[in-house]
């Protein structure tokens, strides 16, 4: 079975027009597909209006009990269910899920070391047989950034990590491609020039680009995660803008494709 | 297939201890089962803290855009997902759903007559084949009081009506029993005496009890709905306290059972 896993973040979710446009593209995306989403600035904004201020450490939200309630409401309720309703209107048989539903994604609360992240989950396992049941039923899962510990506790979980975990788990049985929509057109040679996309990266090219400092800072963990997914059997990883997703599906130049295998030049 | 549909309201959801106790009972409830829930006072309390005041007409919430967002967050997010996580800890393979997920329940926005209820849905159809897929996958749906119009709009929908609609739709193929948990031990001869439960009501007895004014006011629509469900093929309807649910499942005296068929005394 060919499965596409598409992850969107705040740069799509936070803008109603962009989200609408994205959902239309997603509806046309061929084959079995999973949409993974976080919550963008909505959760923070909403928390603030309730007097719960977001606390971030290294780009990760510190999730106390009140913050967990807010992200559960915003991610699993407001954002997820409105997307599902809109996809249903586009004749995509979407089903909105957290990691608790059908025991889809089981996590462990992150151990406290230097930082206490609070109710944050690190993924332990993915229930792929549940996903197979859904695919066989013609359903398209829409999965938000919340998992559980199988002991009754919901846990806030990074959406990129969820997309990767789903991809690597499903790759054991299926042909899986992973698409990360973000705020740039792909991996760029010149950060300021959206036309300077590097179309294809493999491990050899990645090593060179890091040496030359073309790829640095925030792109490094993204690409490390991508290669990790590829080593675990994911077919390819794409990074680019949401609006270019359909071009990517058609194999057209539209972002950066990350593949594991080196070109054999001999 | 034998299916039990159990509806709980604010008198269970609003009290963490009672909810915990109920979920433990639900986990022991035999066979295929669906849990239907609204949101109790949580949504109102939460809306108030955001400055959105609940407006009620004839016991129904008027659902403007802000109120819809709040009930979506509280019902589909906070309450639903925490219940699912707790059921998973009790080894019930629960899956939390709105009517939008899998196009489960399609509604139409209530037409404006004397009152504009806002984003309130009247149920049009239930997707039983989706439910069959879930049952075959060993899943137990936990369904909140939100549906959609299949045109992208979520709609706030009465939880009793959802439970009845699910029951009558599934009754076409399955043996369905419907359980309404409420704040009394059943239909009482004397409202002030919780021990004065009428154990069994059929249409003949109902007619008599109404004549004698034993059944009046709020109980009338509840029983009318129950008989409507029975006429549409539901096997029996039970009304009682959540804590007596397991006794009911074991066929023990524990509330009021409503059955369609009259005793043939001849």
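The values are calculated or read from the model by the stated rules, or taken from the named source; none is laboratory data. In this text the structure is predicted, and so the values were computed from the model without any measurement. Here the Cβ positions follow ideal geometry from the backbone for every residue, glycine too, while neighbour counts run over all protein chains shown.
Here is how the numbers come out for the structure above:
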read-out	value
All positions within the stretch A:1-15 that are part of a helix (DSSP H, G or I) and surrounded by fewer than 20 Cβ atoms within 10 Å (Cβ to Cβ)	A:10, A:11
Selection count where residues are farther than 18 Å from residue A:69 by Cβ, under 22 Å from the mean Cα position of the chain (by Cα) and free of Cβ contacts under 8 Å to residues at least 24 places away in the same chain, scope the stretch B:28-54	1
Matching residues, the stretch A:91-102, being facing chain B (nearest Cβ under 8 Å) and surrounded by fewer than 24 Cβ atoms within 10 Å (Cβ to Cβ)	A:93
Filter result (farther than 23 Å from residue B:67 by Cβ and more than 12 Å from every other protein chain (Cβ to nearest Cβ)) within the stretch B:123-165	B:125, B:126, B:128, B:164
Hey, residue B:151 at pLDDT 95 or above, assigned to a helix (DSSP H, G or I), more than 16 Å from the chain's Cα centre (by Cα) and surrounded by fewer than 17 Cβ atoms within 10 Å (Cβ to Cβ) or not	no
Members of the stretch B:133-146 found to be assigned to a strand (DSSP E or B) and within 23 Å of residue B:172 (Cβ to Cβ), listed by number	B:140, B:141, B:142, B:143
Every residue from the stretch B:209-231 that is over 22 Å from residue B:8 (Cβ atoms) and either surrounded by 12 or more Cβ atoms within 10 Å (Cβ to Cβ) or assigned by TED's automatic domain parsing to the domain that holds residue B:163 (or both)	B:209, B:210, B:214, B:215
Among (1) part of a helix (DSSP H, G or I); (2) buried (at least 20 other Cβ atoms within 10 Å of the Cβ) - the single one residue A:204 does not satisfy	(2)
Boolean, residue A:18 is within 18 Å of the chain's Cα centre (by Cα), assigned by TED's automatic domain parsing to the domain that holds residue A:101 and assigned to a strand (DSSP E or B)	no
Meets criteria (at negative phi and in contact with a strand residue (DSSP E or B) (Cβ under 7 Å, 6 or more places away or on another chain)) for residue B:116	no
Single residue of the stretch B:16-27 satisfying the filter (surrounded by fewer than 16 Cβ atoms within 10 Å (Cβ to Cβ) and touching a residue at least 60 places away in the same chain (Cβ under 8 Å)) that is nearest to residue B:235 (Cα to Cα)	B:24
Residue list for the stretch A:210-224, restricted to those being under 17 Å from residue A:163 (Cβ atoms) and modelled with pLDDT of 90 or more	A:223, A:224
Filter pass, residue B:105 being modelled with pLDDT of 95 or more and more than 9 Å from chain A (Cβ to nearest Cβ)	yes
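Residues checked against (1) in contact with a helix residue (DSSP H, G or I) (Cβ under 8 Å, 6 or more places away or on another chain); (2) more than 14 Å from residue A:257 (Cα to Cα); (3) assigned to a loop (DSSP other than H, G, I, E, B):
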| site | (1), (2), (3) |
| --- | --- |
| A:173 | yes, yes, yes |
| A:179 | yes, no, no |
| A:184 | no, no, yes |
| A:193 | no, yes, yes |
